[in-house]
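Novice: Below is one structure. I have some questions about it.
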């Protein structure tokens, strides 16, 4: 078993996990990060709303 050859480390993570190695996961993480930041939220949300209004 691997544990006999080298140490194994684990971390019990609670929360949302993003697969940023995947294009869609990277974009989801980036958008949610921007919307959670008070210094970015309003302008970024307005940008997304403009895109949605154009049907994008």
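Novice: For the range 40-56, which positions are out of contact with any helix residue (DSSP H, G or I) (no Cβ under 7 Å at 6 or more places or on another chain) and part of a loop (DSSP other than H, G, I, E, B)?
Specialist: Residues satisfying the conditions are 54, 55, 56.
Novice: Taking only the range 14-39 into account, find how many residues are under 15 Å from the mean Cα position of the chain (by Cα) and not in a helix (DSSP H, G or I).
Specialist: Number satisfying all stated conditions: 10.
None of the figures in this text is laboratory data; all of them are computed from the coordinates on show. Predicted model only: the values in this text are computed from it and were never measured. Cβ: placed from backbone, ideal geometry, glycine included. Neighbour counts: every protein chain shown.
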